[in-house]
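Read the structure below first, then the notes.
Just so it is clear, none of the values below were taken in a lab; they were calculated from the coordinates. Just so we're clear, the structure is a prediction, and the values are computed from it rather than from any experiment. Counting neighbours? That spans all protein chains shown, and the Cβs are built from the backbone with ideal geometry, glycine included.
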Amino acid sequence: MKDMHRRAWLAAMAGLAWGASPAAAQRRPAARLPVVVLDPGHGGADPGAIGPGGTQEKRITLALAIELRRQLLAGGRCRVVLTRGRDVFVPLGRRVQVARDQEAALLVSLHADAAPPGQASGLRGASVYTLSEDASDALAAALARRENLADRAGGLRLPSVSPEVQRILLSLMRQETHAASTRVARLAVNALEGDFQLLNQPHRRAGFVVLKAPDVPAVLVEGGFLSHPRDEALLNTPAHRARLARALAGAVNRYLAGPRVAGVETLAAPV
């Protein structure tokens, strides 16, 4: 059984056990293209990080998501859904649920953070995060705590799963999702290397709420640090955001063309 088919089967089985949302549980006619969900961080009353020049993270992430959507649609390999298309607040749990309801092949959360208090003010460069309850380093842990505080009540709330078979299904599905997320992260780092300033050890791991869907591969991309004047200036430039989106679109398209989503056109998905 191909990896994508196996993950979809596990998701369907476990979803029945958890009482999945009606939108996800209702089977729809097969769609030819997989769905990629883009998640512009923050929004509305939550501006996110604010750079020394006054740049708000929520505006940078939305502009980057819109450009990335344009480039992905131009590539013709996927459909694209945004968790927000304007300046509104979306709870973290809802962002996760959008991806689950869409039975997404991938969730890409877009951010542009600031160095946490006490960290070096000279930090700059892009990085890519995947989920881990044990952060890869102190910076990753601090960034995850900062992002997760944007919605104290957010996150995926799964009902208790007591039968042993449900625990096994959940464990297997998380392994599938983690492996796929790691592959996306490596493709993204490879696409960014050489053309962009990267943070030291650019693939990092932390417990971001928005990455916790057990059945949707997900990565969180930090486009740079708004706390650094150079990164702030670059992220405010449409040409730089277009280049960044082009690199990320290339990574997403390579993932979609790979074995983990082979045969996705045969799977039922929302229209």
Starting from 0.36 nm per residue, how many nanometres of slack lie between residue 236 and residue 186 once their C-alpha separation is accounted for? 15.4 nm
Under 10 Å, Cβ to Cβ, from residue 191 - net charge with Lys/Arg +1 and Asp/Glu -1: +1
Where does each of 53-60, 190-197 land if you order them by average Cβ count within 10 Å, highest first? 53-60, 190-197
Extended-chain gain in nm, criterion 0.36 nm per residue less alpha-carbon gap, residue 87 and residue 45: 14.2 nm
Surrounding net charge for residue 232, when Lys and Arg each add one and Asp and Glu each subtract one, Cβ distance under 15 Å: +1
In the neighborhood of residue 246, defined by Cβ-to-Cβ distances under 15 Å, what is the net charge if each Lys or Arg adds +1 and each Asp or Glu adds -1? +3
Residues with amide H under 5 Å from that of residue 198, placed H, sequence gap 5 or more: 126
